[in-house]
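Notes to accompany the following structure.
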Amino acid sequence: MTEAVKEEKTCCGPSCCSEPAAPATEVVRPPESDERVQAVRDRYARIAEGTVSGCCGASASGCASESAVSLGIGYDPSELASVPGEANLGLGCGAPLGLLALKPGETVLDLGSGPGLDVFLAARQVGAAGRVIGVDMTPAMLERARANAAKIGLANVEFREGRLEALPVESGTIDAVTSNCVINLVPDKRAVFAEIARVLRPGGRVVISDILLNSRLPSAVEKDLLAYVGCVSGAVRREEYFALVGAAGLEGVEVLRDVDYLAGLIEAAPDEVRALEARTGVKRDEVLGRVRSVTFRASKPMR
Ligand SMILES: C[S@@+](CC[C@H](N)C(=O)[O-])C[C@H]1O[C@@H](n2cnc3c(N)ncnc32)[C@H](O)[C@@H]1O
């Protein structure tokens, strides 16, 4: 990490005491008070440790295999074969990296990098002269990603602990940002897009896959914490989402893929959908068509 991290309340936890002095930039960590952030971190820690599995993290059982999920959302079989199986936990909802058109020598940032799948694929595309940084807030995920990196022996990748709302990345240093099924999990999406715009160099670009809504969900689903960690109820309406992208100063939004996320979940994790119905009393037909897996492109203007 090239930047010091400042706690909003008190330092010194073990992480900041062991950081070198002489910060290049100060990054303020957002508050931890939101129970959704804690629930997301707990859930993805357990997935990283192998205690539970899940399609985007909601299931404690019975999801399709990780490979089946990743092939179903657009990954190429040869791409998947090129990384260790431990890097693919089937947690994505699209395949944004293949649409980023990376060039050798570029610097790439993956937001919510999980076990590292997109980081490793990007690293091959940008080559030894390029660099890929993965950021994630869950220590167990970072541990798994770093172990995978060591196994592959890639020297041009780095995993940093941090929140998307206050990225541990210097301003104007990134050519291309990607993220796969993560921003829906962040309560403060405005802060995420502002951070993306800050770290991109002028003319830099993003391709992101995420969950968006065509219309609001029934309130019982909105309030369901398991649906939140499972990438359903943290999603916002597409108008609201793209307004935040634009407000951050990113332009030229182009939707590249738009499919029904719940329909995919019914196939990949039928038990999970039944459990959601039982917890909330909301039938799948009331939600079908509203929850979309969307991949889009945007860019930061040159000036
Ligand atoms: C659904 S998984 C996706 C992982 C990865 N992108 C993939 O496709 O395999 C979500 C990841 O985002 C991380 N995450 C969620 N909210 C975050 C936040 N506010 N800041 C940083 N990481 C976050 C979680 O720890 C988890 O590893």
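The values are calculated or read from the model by the stated rules, or taken from the named source; none is laboratory data. Because the structure is a prediction, the values reported are computed rather than measured. Cβ atoms come from the backbone with ideal geometry, glycine included; neighbour counts cover every protein chain shown. Accessible surface is based on the protein model in full, side chains and every heavy atom, while ligands, DNA and RNA are left aside. Shrake-Rupley method; radii C 1.70, N 1.55, O 1.52, S 1.80 Å.
The H on the amide N of LEU256, modeled in the peptide plane, is under 5 Å from the matching H of THR295, PHE296, ARG297, each at least 5 residues off or on a different chain.
Hey, for a label at ASN214 modelled as a point 7 Å past Cα toward Cβ, could you say which residues of segment 284-300 have their backbone N under 14 Å away? Inside the label zone: 285-294.
Per residue, segment 238-303 exposes 52 Å² of accessible surface when a 1.4 Å probe is rolled over the protein heavy atoms with every protein chain present. A simple spin-label model places pseudo-atoms 7 Å from Cα toward Cβ; at GLU49 and ARG303 they are separated by 5.4 nm.
Only Lys, Arg, Asp and Glu count, each charged at its Cβ (+1, +1, -1, -1), so figure out the dipole size of segment 79-146 about its Cα centre, rounded to 20 debye.
160
Take every pair of alpha-carbon atoms less than 8 Å apart whose residues are at least six positions apart; their mean separation over the length of segment 68-122 yields a relative contact order of 41 percent. Given the C-alpha centroids of segment 219-255 and segment 92-110, what is the distance between them in whole angstrom? Rounded to whole Å, the Cα centres lie 21 Å apart. The P(r) of segment 153-303 has a tail past 21 Å containing 47 percent of all C-alpha pairs.
Fully extending the segment from GLU251 to ARG237, taken as 0.36 nm per residue of separation minus the present Cα-Cα distance, adds 3.2 nm.
For segment 162-303, relative contact order (Cα pairs under 8 Å, six or more residues apart, normalised by length) works out to 31 percent. Distance between the pseudo-spin-label points of THR173 and GLU35 (7 Å out from Cα toward the beta carbon): 3.8 nm. Extension gain, ARG201 to ARG146, is 17.2 nm, computed as 0.36 nm per intervening residue step minus the present C-alpha separation.
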